[in-house]
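Below: the structure, in structure tokens.
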Amino acid sequence: MGWRGIMLNQGDLWIDTDGRIISINYQSEEELKLKNSLIASQKKNVNSSLSNFKEPVAILETSKFRIRIDNLGNDNYRYASWSLNQKMTDKPDLVIEKGTFHADGTGGNHHYEFKKGNFRYDCHFIVLGEKGAPPAMLIVFRSDKKILQQDAKIVSR
């Protein structure tokens, strides 16, 4: 598969040209049961209005906000945020659905974009960045003008 590496069994296993494993895309029945159990547990630990997700994507924390991104299925992502002193079982301060995923090149960097009125909330995940770069970032725009940018730590993925 060119620079991507060598694919075996329709993508179940990927190795690089030196024979090192890059990715294993196989899930056993036991792993699937454990995954479903963990998702069910997360659904109990979030405000009931948010428990309808297919899979959790990430929880981020900035200096002011706790942000939860969930996959609702069919390429639809949800953004929910609270102030840091609130729990995720509390009603969120902001919920935006119909978010989109964007791959930023081939290095692994990506972001999720959420729009509400003339506001846009971008949650960036920095996989490949400069030395000292934060693992994630929240950027908020109003009418395409940046009004907030905060580094974020990834609490869970």
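The values are calculated or read from the model by the stated rules, or taken from the named source; none is laboratory data. This is a predicted model, so every value here is computed, not measured. FYI the Cβ positions are ideal-geometry reconstructions off the backbone, even for glycines, and counts take in every protein chain you see. We work out accessible area using only protein heavy atoms, side chains counted, and drop any ligands, DNA or RNA first. Shrake-Rupley method; radii C 1.70, N 1.55, O 1.52, S 1.80 Å.
Could you grab the pairs with beta carbons closer than 8 Å, sequence gap of 6+ or different chains, first residue in region 16-41 and free of Cβ contacts under 8 Å to residues at least 12 places away in the same chain, second one among the aromatic types (F, W, Y) and surrounded by 11 or more Cβ atoms within 10 Å (Cβ to Cβ)?
Pairs that qualify, where the first residue is free of Cβ contacts under 8 Å to residues at least 12 places away in the same chain and the partner is among the aromatic types (F, W, Y) and surrounded by 11 or more Cβ atoms within 10 Å (Cβ to Cβ), are I21/W14; S23/W14.
Take T106 and tell me if it is in contact with a Leu (Cβ under 8 Å, 6 or more places away or on another chain) and among the β-branched types (V, I, T).
So T106 does not fit the description; no.
Anything in region 135-157 that is open to solvent by 90 Å² or more (accessible area, probe 1.4 Å), over 20 Å from R78 (Cα atoms) and either touching a His at 6+ places or on another chain (Cβ under 7 Å) or outside any strand (DSSP E or B) (or both)? List them, or say none.
D144 - this is the single residue of region 135-157 that is open to solvent by 90 Å² or more (accessible area, probe 1.4 Å), over 20 Å from R78 (Cα atoms) and either touching a His at 6+ places or on another chain (Cβ under 7 Å) or outside any strand (DSSP E or B) (or both).
Would you confirm whether any residue within region 43-56 is acidic (D, E) and modelled with pLDDT of 95 or more?
Checking region 43-56: not a single residue is acidic (D, E) and modelled with pLDDT of 95 or more.
Can you report the number of residues in region 115-134 which are open to solvent by 60 Å² or more (accessible area, probe 1.4 Å), in a loop (DSSP other than H, G, I, E, B) and closer than 22 Å to S81 by Cβ?
Here the count works out to 2.
State whether one or more residues within region 129-145 are without any contact (Cβ under 8 Å) to a residue 40 or more places away in the chain, under 25 Å from I22 (Cα atoms), touching a Lys or Arg at 6+ places or on another chain (Cβ under 7 Å) and not aromatic (F, W, Y).
Within region 129-145, one or more residues are without any contact (Cβ under 8 Å) to a residue 40 or more places away in the chain, under 25 Å from I22 (Cα atoms), touching a Lys or Arg at 6+ places or on another chain (Cβ under 7 Å) and not aromatic (F, W, Y).
Please determine, by comparing only the residues of region 42-65 that are free of Cβ contacts under 8 Å to residues at least 24 places away in the same chain and in contact with a strand residue (DSSP E or B) (Cβ under 6 Å, 6 or more places away or on another chain), which one is nearest to I139 (Cα to Cα).
It comes out as E55.
Count, please, the residues in region 45-91 that happen to be touching a Gly at 6+ places or on another chain (Cβ under 9 Å) and among the polar types (S, T, N, Q).
Here the count works out to 1.
Sort out which residues of region 95-113 are touching a residue at least 24 places away in the same chain (Cβ under 8 Å) and over 12 Å from the mean Cα position of the chain (by Cα), and write them in order of number.
V95, I96, E97
Tell me, which strands (runs of 3 or more DSSP E) lie completely within region 1-100 with 1 or more residues that are among the hydroxyl-bearing types (S, T, Y) and surrounded by 12 or more Cβ atoms within 10 Å (Cβ to Cβ)? Working first, answer last.
Working: elements: 6-8, 13-15, 21-24, 55-61, 65-73, 76-83.
Of the strands (runs of 3 or more DSSP E) lying wholly inside region 1-100, those with at least 1 residues that are among the hydroxyl-bearing types (S, T, Y) and surrounded by 12 or more Cβ atoms within 10 Å (Cβ to Cβ) span 21-24, 76-83.
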